[in-house]
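Please treat every number below as a calculation from the coordinates, not as lab data. Please read these numbers as outputs of a predicted model, since none were measured by experiment. A quick note on method: Cβ atoms are made from the backbone with ideal geometry, for glycine too, and the neighbour counts reach across all protein chains shown.
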Amino acid sequence: MEPRAHACRRRTKRIVRHGNVIVDGDLFRMRNALILLVTAVLAVAAMLSGADRAAAEQNAPSAIARMMVPGPEYDLIRALEGDWSVQQRVWPGPGAEPIALAPMVAERRLIGEAFLQEIMKPAPGSEQEPFARHAYLSFNNVDRRYEYVSLDTRYPRTMYETSFDAERAHRDRIIEVFIEAFTHPGWGTEFVGQAMKQRREIIVEGDRRNVVRQFWTPPGGSEFLAIEYVYVKRQ
């Protein structure tokens, strides 16, 4: 009887109760060890992943720095760089004959790969009154639109214009920006104070020629071509 009792005791040592289920004790211990191992591996992986994420975030450029990174939208802007001879025409109203102004020159330079600066002035020997026209063109990576600002001592007001369809620039090589409303003082001696909408087209025709056209729309009226600049690259 003793050998059988001894065998029973040995079997009893390998049997454990887990809830209402009786399982082999060795398998139960192996399962627990495997659970602990998997838990430890997952914890280490999570720690390494968190460390990698923190390192990546620390090395990643800031949102403001990313605004300064030029994208494909700057292909057209770069095409406008250089020194240019400029001829300007003005249409005083719908159906009017254009008035050609004296020749001008313009210098366009990229500032920090973010802004195209234009400085326009009378052409040498053109014998016209001194003036200065400054303009800035850029692409806003947050709002996904072109932005244009101009200041002209001949027309002393700040013009701020933005695009609605940046994709057109890639499709047609035309940067189109708008002003919803501005007050035109009039071309005569008296203030008229006429409200206008403006649509500006910056047309990149090639490496050596581009055209800027400003279309105005009076209240209740039709759009008409008001101002045109033709740029030809200087030698």
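Numbers for the structure displayed
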| read-out | value |
| --- | --- |
| Region 62-148: C-alpha pair distances exceeding 22 Å, % | 43 percent |
| GLU97 paired with SER222, simple spin-label distance in nm, labels 7 Å along Cα-to-beta-carbon | 2.2 nm |
| Computed lengthening from GLN58 to ALA132, 0.36 nm per intervening residue step minus Cα-Cα distance | 22.2 nm |
| Theoretical gain in end-to-end length, ARG173 to ARG89 [0.36 nm per residue, Cα-Cα removed] | 28.0 nm |
| Where labels lie 7 Å past Cα in the beta-carbon direction, separation of GLU113 and ARG208 in nm | 3.0 nm |
| Spatial extent of region 88-192: Rg and Dmax, with the Cα atoms as the point set, Å | 15.9, 44 |
| Debye equation applied to the C-alpha atoms of region 162-202, log10 I(q)/I(0) at 0.13, 0.27 Å⁻¹ | -0.39, -0.84 |
| Rg [Å, one decimal], Dmax [Å, integer] - region 132-217, C-alpha atoms | 14.1, 43 |
| Model label zone, THR158; criterion: amide N under 16 Å from point 7 Å along Cα-to-beta-carbon; scope region 104-145 | 134-138 |
| Efficiency of FRET between PHE191 and VAL232 - r from beta-carbon atoms, R0 35 angstrom, step 0.05 | 0.50 |
| FRET efficiency, 1/(1 + (r/R0)^6) with R0 25 Å, evaluated for GLU81 and ASP143 via beta carbons | 0.60 |
